[in-house]
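Read the structure below first, then the notes.
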Amino acid sequence: SIIILMDSILFMINTGSANLNNAIFKEGKPYLAAFNAKTGKKIFLNTVDDKSGKIIESRIKKGEILILYKDKIAKCSINNGSLILEKSFETGKYGELLGFISSRVFTKIDSTYKSLALSDSANHYVYTKKNKILQVNNEMSILNEFDSNQFYRFYLSFNKLGFLTKDSATIVIDKNNAIVAKIDIPGRASKIGNNLYFVQEKSVIEIDLKEITKENILVHSEAKK
């Protein structure tokens with residue numbers, strides 16, 4: 001089940017699935033429920049259509065519950081759990097739906113890099129199995145589609161700097177989302193203390209994060225394996 005606490009209401013979305021030895025399979029019937037967080041009193045409990053299989057993800061936005069399946073999105077009332085709208089997607093064309101993108105997905109807007117989800121709160125963004133990101137409006141109609149390789153993933157913050165990665169490169173942005181530096185390091189680099197470490201061929205590279213400025217990147221040391 002997915003648990004969401006909002007104000008004094010505890011929402012429970014049962015996905016209709018179970019996990020056994022890392023295998024996920026259909027089990028039970030999905031439902032939406034809400035309870036008073038203080039008293040435990042049930043506000044509503046509604047089963048939902050499970051013909052599409054298990055619920056992939058759910059979120060509450062603008063007073064509505066959005067439920068994501070592999071081939072459709074359903075919108076339900078936050079007051080009683082009743083279905084408001086349901087829209088199917090062509091999985092052959094777009095791929096199966098995998099989830100809503102998080103606020104950590106960034107794109108270049110004008111001259112700065114911003115969170116795609118936070119910069120456009122009016123719409124929803126869903127990524128698919130075919131490496132697409134679909135921009136969907138509140139009526140669940142597709143407004144646009146993008147290749148996910150166009151976007152950056154926020155993976156680290158340090159001293160008011162943000163680190164965005166795409167492929168094997170990293171872009172460093174300041175608190176105003178402007179570029180501070182570009183570094184040829186992958187997003188799988190690990191931060192230990194004030195240093196960033198990553199493996200490059202047969203070397204372990206250490207970068208002193210305090211030395212990142214608008215002018216240069218200082219590679220603190222290089223240790224051969």
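The values are calculated or read from the model by the stated rules, or taken from the named source; none is laboratory data. From a predicted model like this one, the values you see are computed outputs, not experimental measurements. We place every Cβ from the backbone using ideal geometry, glycine too, and count neighbours over all the protein chains shown. The protein model used for the area step is the full one, side chains on, heavy atoms only, and it has no ligands, DNA or RNA in it. Shrake-Rupley method; radii C 1.70, N 1.55, O 1.52, S 1.80 Å.
Looking at L116, L143, L161, can you tell me which residue is out of contact with any Lys or Arg (no Cβ under 7 Å at 6 or more places or on another chain), aliphatic (A, V, I, L, M) and modelled with pLDDT of 95 or more? Break it down stepwise before answering.
Values: L116 fails: modelled with pLDDT of 95 or more; L161 fails: modelled with pLDDT of 95 or more.
Testing whether each residue is out of contact with any Lys or Arg (no Cβ under 7 Å at 6 or more places or on another chain), aliphatic (A, V, I, L, M) and modelled with pLDDT of 95 or more leaves just L143.
Select from segment 142-182 the residues that are surrounded by fewer than 17 Cβ atoms within 10 Å (Cβ to Cβ), of a type in the set (F, W, Y) and closer than 14 Å to F106 by Cβ and write down the one among them that is farthest from the chain's Cα centre (by Cα).
Only one residue fits best here, namely F146.
Out of all the residues in segment 1-22, which are open to solvent by less than 50 Å² (accessible area, probe 1.4 Å) and over 21 Å from E64 (Cα atoms)?
Within segment 1-22, S17, A18 meet the criteria.
Residues E139, E86: which one is assigned to a strand (DSSP E or B), charged (D, E, K, R) and open to solvent by 50 Å² or more (accessible area, probe 1.4 Å)?
Working: E139 fails: assigned to a strand (DSSP E or B).
On inspection, the qualifying residue turns out to be E86.
How many residues are over 22 Å from I78 (Cα atoms), in a loop (DSSP other than H, G, I, E, B) and within 25 Å of the chain's Cα centre (by Cα) if we restrict to segment 22-48? Explain how you work it out, then say what you get.
Start the filter on segment 22-48 by keeping residues that are over 22 Å from I78 (Cα atoms), which leaves 22-28.
If we keep only those that are in a loop (DSSP other than H, G, I, E, B) as well, we get 22, 27-28.
Next, from what is left, pick out any that are within 25 Å of the chain's Cα centre (by Cα): 22.
The number of residues fulfilling the criteria is 1.
Got at least one residue in segment 45-54 being surrounded by fewer than 16 Cβ atoms within 10 Å (Cβ to Cβ) and in contact with a Gly (Cβ under 6 Å, 6 or more places away or on another chain)?
Checked segment 45-54: at least one residue is surrounded by fewer than 16 Cβ atoms within 10 Å (Cβ to Cβ) and in contact with a Gly (Cβ under 6 Å, 6 or more places away or on another chain).
Test of understanding: among L156, L85, which residue is hydrophobic (A, V, I, L, M, F, W, C), closer than 30 Å to N194 by Cα and either out of contact with any Gly (no Cβ under 8 Å at 6 or more places or on another chain) or without any contact (Cβ under 8 Å) to a residue 60 or more places away in the chain (or both)? Can you show your working first?
On the way: L85 fails: closer than 30 Å to N194 by Cα.
Within the list L156, L85, the selection yields L156.
Which condition number does I101 fail, the rest of (1) more than 20 Å from I4 (Cβ to Cβ); (2) modelled with pLDDT of 90 or more being met?
(1)
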